[in-house]
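*Asks:* Take a look at the following structure, please.
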Amino acid sequence: MTTSPAVPRVQFADLDSALAALRAAGLRVTLARRVILQALFAADEPLSAEAILTRAATPELALDAASVYRNLEAFEHAGVVRHVHLGHGAGLYALIGEGEREYLYCERCGATRSLAPRQLDEIRTLLRERFGHATHAFGGEAHGAPL
């Protein structure tokens, strides 16, 4: 798994507070940005830009892939989303909001499951003790004693 560069994480719990975080970062809140965020909030897993484009398409808004990518990059620099690659698929985007997440990804079926980093602490400890490897949470925060 690869992750985006470390940027300050912004805390938010809902669409309105995420929009406020964008404003605080100096970004205008446009209809395109609002519908992209709505698509991310409605998802149970990280989404590709193409999936966001499909979910965010409305008759009132002419949205294209380039616009989605530009807005996601702005969201990432504002600390609202993280860009991650799971397996060998397309880059995915996930809201940060209330904290970092880790993802279990099935390379066979493509299913993704979101977890709080602490939910994997027991497995991390076992890997460190048995094999001598430290693991890292989504976002680069080390868990356990570094080797």
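*Asks:* What order do you get for Glu73, Glu60, Glu122 when you list them from fewest to most C-beta neighbours inside 10 Å?
*Replies:* Final ranking by Cβ density, sparse to dense: Glu60, Glu122, Glu73.
*Asks:* Just in the range 17-106: which trypsin sites (Lys or Arg not before Pro) are loop by DSSP and have at most 16 other Cβ atoms within 10 Å? Intermediate results must be reported in sequence, preceding the final value.
*Replies:* Working: sites: Arg23, Arg28, Arg33, Arg34, Arg55, Arg70, Arg82, Arg101; in loops: Arg28, Arg101.
Here the sparse-neighbourhood loop sites are Arg28.
*Asks:* What are the ³J(HN,Hα) couplings of the range 84-91, residue after residue, when phi is run through the Karplus curve with 6.51, -1.76, 1.60 and θ = phi - 60°? Round to Hz, x for glycine and proline.
*Replies:* Per-residue couplings from phi come out as 9, 10, 10, x, 10, x, 5, x Hz.
*Asks:* By counting other Cβ atoms within 10 Å of each Cβ, how are His88, His133, His83, His77 ranked from fewest to most? Intermediate values should be presented prior to the final figure.
*Replies:* Numbers: His88 6, His133 11, His83 18, His77 15.
Taking fewest neighbouring Cβ atoms as first place, the list is His88, His133, His77, His83.
*Asks:* Just need the relative contact order of the range 2-100 here, percent rounded to a whole number, with Cα pairs under 8 Å and 6+ apart.
*Replies:* Values: 129 pairs, mean separation 39.3, N = 99.
The normalised contact order for the range 2-100 reaches 40 percent.
*Asks:* In addition: Among Asp121, Asp44, rank each residue by its count of other Cβ atoms within 10 Å, from fewest to most, as a rough exposure measure.
*Replies:* Numbers: Asp121 14, Asp44 8.
Placing the least packed residue first, the sequence is Asp44, Asp121.
Read the figures in this text as sums done on the coordinates, not as results from a lab. All figures in this text were calculated on a predicted structure; none of them were measured in a lab. Ideal geometry is used to build each Cβ from the backbone, glycine not excepted, and the neighbour counts take in all protein chains shown.
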